[in-house]
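Novice: For reference, the structure I am asking about is given below.
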Amino acid sequence: MTTTTLAVLVPLLPFLGSAAGLLLGRTAPGFVRPLAVLPTLAAAVLAAVVAARQGGGKAIDAATQLTPTGSVPIDLSLHIDGFAALVAVLVGVIATCVQIYSTGYLRDDPRYPSYAALVSLFTSAMLVVVYSGDLMVLLVGWEIMGICSYFLVGHYWETPEARSASLKAFLVTKLGDVPFLIGLFALGADAGTFRITGVLGAVASGGIDHPTLVALLLLAGVAGKSAQFPLHTWLPDAMAGPTPVSALIHAATMVAAGIYFVARLLPVFAASAAAMTVLAVMAAITMVGSGLAALAQDDIKRVLAYSTIGQLGYMAGALAVGDRGAAVFHLLSHAAFKALLFLAAGAVIHAAGTNSLTAMSRMSGLAKRIPDAYWTMTVALLALAAVPPFAGFFSKEAVLVAAEHTALGERDVAPAGAGWIVLVAGLLTALLTAAYALRLWLRTFRGRGPEAPDHGRQPIAMTSVLWVLAIPSLGFGLTVTHLDDWFDGHPLTPTLTTAVLGTGLAAAGAVITYAVWRTLAARTPVTAPVPHVAHPDAEAGQVEAEALHLPHPAEDPADPGRALLGPLHGAAADGFHLDAVYRTAFVRPVLAAASLVRFLDREVVDTYVSAAGNSAKGLGWLVRRAQTGNVQTYLSALLAGSVVLAIVAVALANAVAGA
Amino acid sequence: MTLAAEAARTAAHGFLSPTGVEVAFLLVGLATLGAALLTVTTRQLVHAALWLVVALGGLAVEYLLLTAEFIAWVQVLIYVGSVVVLLLFGLMLTKAPVGRSPDADSGNRPVALAVALAAAAALVWVVVDAFRTTWIDLDGPAQGSTDVMGQILFQHWVLPFEALSVLLLAALVGAIVLSRKKKEDES
Amino acid sequence: MHLAYPAVLAALLFAVGLYGVLARRNAILVLMSVELMLNAVNLNLVAFDVWLRDTLHAGQALTLFTIAIAAAEIGIGLSIVLMVHRNRGTSDIDRLRDTKEQPAAGEQPSAEEKAEAAA
């Protein structure tokens, strides 16, 4: 088979698997698990084959036009360069891991068939986004992901948190998608085509008339999808979904799409220095803010969610300094360790019977109960904190190196100011990342108090996936010297300055956190354990759904995050009150407008409607009065009318004849 | 028709010099109209039927004056002989009061008067306006003799004539069915 | 003979019949008035037939047919009146008001209807 055929099969297989899963889900439950895992696995293998054949060389382009679409043609096209090939492999691998993990995690869930089908559809949509060479087809995948995220985040729709979270995810991303759509149209109209190659050619020849406007409109959509400030608020709430879905959204699909899109169209953004600066500021605010917020969260998954936002900030920062190689490199390594973190967190929540860090810090021996999750999570947290030689170190260094070069004027893709912003924010975030990673680890696995309950070993489907993902988290960074060829050719290797600065700051953050934790732990007495879920022995998915209901324990004085943040803690725990800002800025005006519309509809529009009805009714009343039942009256009226008509006719005839 | 020819014809007939037939027609017509008026205004129901006989008989005379002999005899035979008799039977069967009945007219009378007057005025106006200068030529053989009518009726109008016989049969059957007493319902 | 004489007489007879149809209360009187109207038409038909000297004498033939149809009509009409009289005990046509708009349930009957019921 040609590489093109294989590439077409990559998104098609999960889609067919999804359709088959939805069709057979009820009638043939035995086929659901193979139908969920095998197409995704096959897609991952095929993506790997495509990547091997493409080999980071010349981009593969193929296009077919199904039907003429007016002035701007829309093609079904592929554009596979090194970025697309590698990201597709990543999506395939992560999706396969998530599917395998889900077979164990949602073992007894009655809604597993539709869940698995939606995950497959999600994967398929992301692969369409990755491979598509046409912006309109890309948009199709982009929007399918939006709706899939709505359904998957709302998987536990019995709980009000999940319902509102899924709605919020959908609405916030749509808020970004509207300007995104307009931006795509503006771009297509300027370039005269929706083909990515054509758009890039138009950019190179200076054919885009309003690069800043287009770039800023597109950035709004990217901010929504990739959870950048100020549209990031849906991501922490999306933790109400099942953990594998969080892993999928955070690692491979949804949030990666925004970064990947910018990476694909980077020349469009680079054509506008203003857009690059905006992107840099956005990335910087996102990084630092999410780091502070992560330090204050009590829900283990919310900590990870804020860390995802921060790492996406790194990628956006890399793009802001014009180095898409570094951005996609960090995307790949982050996907590996973040998927691992979430999947391991799922195991932790299952074992602990709670998602609260405070509650976990009051039980000891959690590490012994789930050794696989303990070790792999440790690896992933080290990678997250960018400790050499784990994957996160190399990719983060690549970002910082690009920022440093831009700041010092060695690269001129982006303004130097953007470079400085990204560099400073990145270094600060390195400190924060190490702090909250260590806080998470200490409070989860180094708790003091009664023994954690024993629920037996985790299913093999879950633990094996953890170890599979631990390999790239550990070793992906070592491929750094070979990855250059796949991307733009910039070296991604760390330089001494940034390595020392970054690692030093990370180490400082870790040391401070550890010292604070030790001090606080020595001072605070061991308190009574907090309540657990009702069915701690049930399957993991159900435990998590029940854990969503548990009240989080009161503020724990032993929390190092609290001491570190000081007065900022309250604001950071609440996501810097951004939700309240949104409520004031959007929700209240919308509700007021809705009540205004209701008033207009009830009092103004309905007046006309009821007036029409009442006038007809009044006429009917009059006519009804005439219905006396007396035939003579009717006949009189009839004949009188006839006489009048006859007289009129004769008079008219006379008048005409006389005229 | 040119104006000259019209003036000549007017002169030939004389507008205010009526012939004997015209005078007879006018007098019988007045009697007929009076009888008709009494028919629709009298408060004694049986008298109304009798005045109707007068009006219908007067009309028969008018047919004779118009040389339609056969129609005149049919008028007398059918209307005066059978229809009025039927109406009288109807009056008797519905227990119509003999003598003056004060409620012979309904409350619709003013409206009826207005409509009738308007219709009469309009029709008379139109008819007079249209036939101001038209005369019927009554000379020559009678146009409605029994001989002529028989020939015409059974040569040219035989099919409608036969259809009419079917209609009469249907009316006969219908009248019997309608007026028959339903025994099972009354029990 | 001047054509206006029979034409005007027919018009006046028709108007008189019209008045009778609209003003009379007893159904049999109404039928009599209908006969008057039919006869007015017949007079017109005969007069115009004579005036036009029609070779087929369509006017007089049609008059004959009209007379026959009037006889049929009076037979049917009388039998209907008889049946109504038998069922309702009256042949006053302004009492036969079954097609009247019935007042909605709970609505007070108007003063006019009350007076009528009393009468």
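Novice: With (1) closer than 30 Å to A:TYR115 by Cβ; (2) surrounded by 15 or more Cβ atoms within 10 Å (Cβ to Cβ); (3) touching a helix residue (DSSP H, G or I) at 6+ places or on another chain (Cβ under 8 Å) as the list, and A:SER164 as the residue in question, which single condition is left unmet?
Specialist: Among (1) closer than 30 Å to A:TYR115 by Cβ; (2) surrounded by 15 or more Cβ atoms within 10 Å (Cβ to Cβ); (3) touching a helix residue (DSSP H, G or I) at 6+ places or on another chain (Cβ under 8 Å), the lone unmet condition for A:SER164 is (2).
Novice: I've got another one for you. Picking from A:VAL87, A:VAL32, which residue would you name as being modelled with pLDDT under 85 and in a helix (DSSP H, G or I)?
Specialist: Every option except A:VAL32 fails the conditions.
Novice: Applying the selection to the stretch A:299-317, what residues are buried (at least 24 other Cβ atoms within 10 Å of the Cβ) and out of contact with any Leu (no Cβ under 9 Å at 6 or more places or on another chain)?
Specialist: A:LYS301, A:GLY313
Novice: When you scan the stretch A:352-369, do you find a residue that is crowded, with 24+ Cβ neighbours inside 10 Å and closer than 18 Å to A:ALA434 by Cβ, even just one?
Specialist: Looking for residues that are crowded, with 24+ Cβ neighbours inside 10 Å and closer than 18 Å to A:ALA434 by Cβ, one finds at least one in the stretch A:352-369, hence yes.
Novice: If A:TRP375 satisfies all but one of (1) surrounded by fewer than 23 Cβ atoms within 10 Å (Cβ to Cβ); (2) modelled with pLDDT under 85; (3) not small (Gly, Ala, Ser), what's the number of the condition it fails?
Specialist: Unmet condition: (2).
Novice: Which number in (1) surrounded by fewer than 16 Cβ atoms within 10 Å (Cβ to Cβ); (2) part of a helix (DSSP H, G or I) marks the one condition that A:GLY207 misses?
Specialist: With respect to (1) surrounded by fewer than 16 Cβ atoms within 10 Å (Cβ to Cβ); (2) part of a helix (DSSP H, G or I), A:GLY207 is out only on (2).
Novice: Output the residues belonging to the stretch A:427-447 that are assigned to a helix (DSSP H, G or I), closer than 30 Å to A:HIS350 by Cβ and not β-branched (Val, Ile, Thr).
Specialist: To start, the set of residues in the stretch A:427-447 that are assigned to a helix (DSSP H, G or I) comprises A:427-445.
Filter again for closer than 30 Å to A:HIS350 by Cβ, leaving A:432-445.
A:LEU432, A:ALA434, A:ALA435, A:TYR436, A:ALA437, A:LEU438, A:ARG439, A:LEU440, A:TRP441, A:LEU442, A:ARG443, A:PHE445 - these are the residues of the stretch A:427-447 that are assigned to a helix (DSSP H, G or I), closer than 30 Å to A:HIS350 by Cβ and not β-branched (Val, Ile, Thr).
Residues checked against (1) in a loop (DSSP other than H, G, I, E, B); (2) at pLDDT 75 or above; (3) within 27 Å of A:GLU451 (Cα to Cα); (4) not hydrophobic (A, V, I, L, M, F, W, C):
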site	(1), (2), (3), (4)
A:THR493	yes, yes, no, yes
A:ARG518	no, yes, yes, yes
A:ASP537	yes, no, yes, yes
A:GLU544	no, no, yes, yes
A:GLY561	no, no, yes, yes
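Novice: Same structure again: For A:THR173, are the conditions met, namely being among the hydroxyl-bearing types (Ser, Thr, Tyr), under 23 Å from A:LEU312 (Cα atoms) and surrounded by fewer than 20 Cβ atoms within 10 Å (Cβ to Cβ)?
Specialist: Taking the combined requirement at face value, the residue does not satisfy it.
Novice: Okay, next question. Of the numbered conditions (1) surrounded by 13 or more Cβ atoms within 10 Å (Cβ to Cβ); (2) of a type outside the set (A, V, I, L, M, F, W, C); (3) in a helix (DSSP H, G or I), A:SER595 fails exactly one; give the number of that condition.
Specialist: (1)
Novice: Sticking with this structure for a sec: Answer yes or no: is there a residue in the stretch A:46-67 that is within 14 Å of A:SER124 (Cα to Cα) and buried (at least 16 other Cβ atoms within 10 Å of the Cβ).
Specialist: yes
Novice: For the stretch C:43-52, state whether one or more residues are touching a His at 6+ places or on another chain (Cβ under 7 Å), farther than 26 Å from B:PHE161 by Cα and at the interface with another protein chain (Cβ under 8 Å from one of its Cβ atoms).
Specialist: No - not one qualifying residue is present in the stretch C:43-52.
Novice: Regarding the stretch A:445-463, can at least one residue be identified that is buried (at least 16 other Cβ atoms within 10 Å of the Cβ), of a type in the set (Gly, Ala, Ser) and over 29 Å from A:TRP517 (Cβ atoms)?
Specialist: Yes: the stretch A:445-463 contains one or more residues that are buried (at least 16 other Cβ atoms within 10 Å of the Cβ), of a type in the set (Gly, Ala, Ser) and over 29 Å from A:TRP517 (Cβ atoms).
Novice: Answer yes or no as to whether A:VAL581 is assigned to a helix (DSSP H, G or I), under 29 Å from B:ALA122 (Cα atoms) and either modelled with pLDDT of 90 or more or more than 14 Å from chain C (Cβ to nearest Cβ) (or both).
Specialist: no
Novice: Does A:ALA36 qualify as being in contact (Cβ under 8 Å) with a residue 40 or more places away in the chain, in contact with a strand residue (DSSP E or B) (Cβ under 9 Å, 6 or more places away or on another chain) and surrounded by 23 or more Cβ atoms within 10 Å (Cβ to Cβ)?
Specialist: Working: in contact (Cβ under 8 Å) with a residue 40 or more places away in the chain: yes; in contact with a strand residue (DSSP E or B) (Cβ under 9 Å, 6 or more places away or on another chain): no; surrounded by 23 or more Cβ atoms within 10 Å (Cβ to Cβ): yes.
No, not satisfied.
Novice: For the stretch C:35-82, give me each residue that is closer than 19 Å to B:GLY29 by Cα and among the aromatic types (Phe, Trp, Tyr).
Specialist: C:PHE48, C:TRP51 - these are the residues of the stretch C:35-82 that are closer than 19 Å to B:GLY29 by Cα and among the aromatic types (Phe, Trp, Tyr).
Novice: Taking the stretch C:1-21, which residues are in a loop (DSSP other than H, G, I, E, B) and among the aromatic types (Phe, Trp, Tyr)?
Specialist: none
Novice: Still on this model: Only residues that are touching a Pro at 6+ places or on another chain (Cβ under 8 Å) and over 26 Å from A:LEU438 (Cα atoms): list them for the stretch A:481-523, please.
Specialist: Within the stretch A:481-523, just A:ASP484 meets the criteria.
Novice: Would you please list the contacts, defined by Cβ atoms under 7 Å and residues six or more apart or on different chains, that run from a residue in the stretch B:40-58 that is farther than 17 Å from C:LEU43 by Cβ to a residue that is surrounded by fewer than 19 Cβ atoms within 10 Å (Cβ to Cβ) and of a type in the set (Lys, Arg)?
Specialist: Going by the 7 Å Cβ cut-off, the qualifying pairs are B:ARG43/B:ARG100; B:GLN44/B:ARG100.
Novice: Collect the residues in the stretch C:53-79 that are under 14 Å from the mean Cα position of the chain (by Cα) and in contact (Cβ under 8 Å) with a residue 12 or more places away in the chain, keeping them in residue-number order.
Specialist: C:ALA70, C:GLU73, C:ILE74, C:GLY77, C:LEU78
Novice: Counting residues that are touching a residue at least 12 places away in the same chain (Cβ under 8 Å) and either farther than 19 Å from B:ALA68 by Cβ or more than 8 Å from every other protein chain (Cβ to nearest Cβ) (or both), which helices (runs of 4 or more DSSP H) fully inside the stretch B:78-187 reach at least 1? Spell out how you get there, then give the answer.
Specialist: Working: elements: B:84-93, B:109-130, B:146-155, B:158-179, B:183-186.
So the answer is B:84-93, B:146-155.
Novice: Checking the structure you have, find out if any residue of the stretch A:412-426 is free of Cβ contacts under 8 Å to residues at least 60 places away in the same chain, in a loop (DSSP other than H, G, I, E, B), surrounded by fewer than 21 Cβ atoms within 10 Å (Cβ to Cβ) and not polar (S, T, N, Q).
Specialist: Yes, the stretch A:412-426 contains at least one residue that is free of Cβ contacts under 8 Å to residues at least 60 places away in the same chain, in a loop (DSSP other than H, G, I, E, B), surrounded by fewer than 21 Cβ atoms within 10 Å (Cβ to Cβ) and not polar (S, T, N, Q).
Novice: Answer with yes or no whether A:ALA646 is surrounded by 11 or more Cβ atoms within 10 Å (Cβ to Cβ), more than 25 Å from C:VAL30 (Cα to Cα) and over 60 Å from the mean Cα position of the chain (by Cα).
Specialist: no
Novice: Determine, yes or no, whether A:ASP190 is over 26 Å from A:LEU469 (Cβ atoms) and of a type in the set (Asp, Glu).
Specialist: Yes, satisfied.
Novice: May I pose another question? Could you look through the stretch B:56-74, keep only residues that are within 7 Å of another protein chain (Cβ to nearest Cβ) and closer than 30 Å to B:PRO97 by Cβ, and pick out the one that is surrounded by the most Cβ atoms within 10 Å (Cβ to Cβ)?
Specialist: Restricting to residues being within 7 Å of another protein chain (Cβ to nearest Cβ) and closer than 30 Å to B:PRO97 by Cβ, the top hit is B:LEU59.
The values are calculated or read from the model by the stated rules, or taken from the named source; none is laboratory data. Please read all numbers here as calculations on a predicted model, not as lab measurements. Reconstructed Cβ throughout: ideal geometry from the backbone, glycine too, with neighbour counts over all protein chains shown.
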